[in-house]
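So the structure is just underneath, and the comments pick up after that.
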Amino acid sequence: MFSKATRVGYTVESFGCTPRQWFREWLDSRIACIRVITSGGECRMSDVNRLLISTTRREVQVVLNNGAQAALCSRTASEGMHMVNVARLEDIQIRNFPSMKEFLEEHAASFPACQRLTTIIREVAKENGLKIITNNIKLLNSLVISVQGDRLFSLLPALRKELELVREETMLVLAGSGKRGK
């Protein structure tokens, strides 16, 4: 299952950029490849020019770069394909398939660097009396880098390999919040 991503040896030097630049490029490529399911077929987020949200009709129109327009749809095992029924941007989600939780649990042994990074973050948070919540992320990031910078740098090649594995083995899909008809 992991042959292609596992064979590739990633090192900081092989990218010719900083770890932050590499991560931004990785994230940008993940966003560009988000699958968008519409009434006219599937496309990638990089093909989308804009989303038009009708608060009164509770529907989303996808306008593609070529000018074509179609309704945003979602697909579930129980309901098949249906139009996304939302009135606000915040009700549109990006879902992982398979779910990231299930994927990581099933393949935990393939992510030792991610597990080590999680342990480091938890240790630094505990030492500084911080909860791991959104409001503390920036502070935790600074603390982790200042306290554990050398350990983090040594994890970078493995972290990159593991993130590439995630990219190859999972898919992101634009979808509604699941709160249909509200």
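The values are calculated or read from the model by the stated rules, or taken from the named source; none is laboratory data. From a predicted model like this one, the values you see are computed outputs, not experimental measurements. FYI the Cβ positions are ideal-geometry reconstructions off the backbone, even for glycines, and counts take in every protein chain you see.
For (1) within 19 Å of Ser39 (Cβ to Cβ); (2) aromatic (Phe, Trp, Tyr); (3) surrounded by 11 or more Cβ atoms within 10 Å (Cβ to Cβ), each residue gets a yes or a no:
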site	(1), (2), (3)
Leu51	yes, no, yes
Thr55	no, no, no
Leu72	yes, no, yes
Met83	yes, no, yes
Glu90	no, no, no
Met100	no, no, yes
Leu104	no, no, yes
His107	no, no, yes
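Cβ-Cβ contacts under 6 Å between residues 6 or more apart (or on different chains), taken from a first residue in region 125-148 that is β-branched (Val, Ile, Thr) to a second residue that is at pLDDT 90 or above, are listed as Ile132/Ala125; Val144/Ile121; Val144/Val124; Val147/Val124.
Going through (1) surrounded by 13 or more Cβ atoms within 10 Å (Cβ to Cβ); (2) modelled with pLDDT under 90; (3) under 22 Å from Ile31 (Cβ atoms) one by one, Val166 falls short only on (2).
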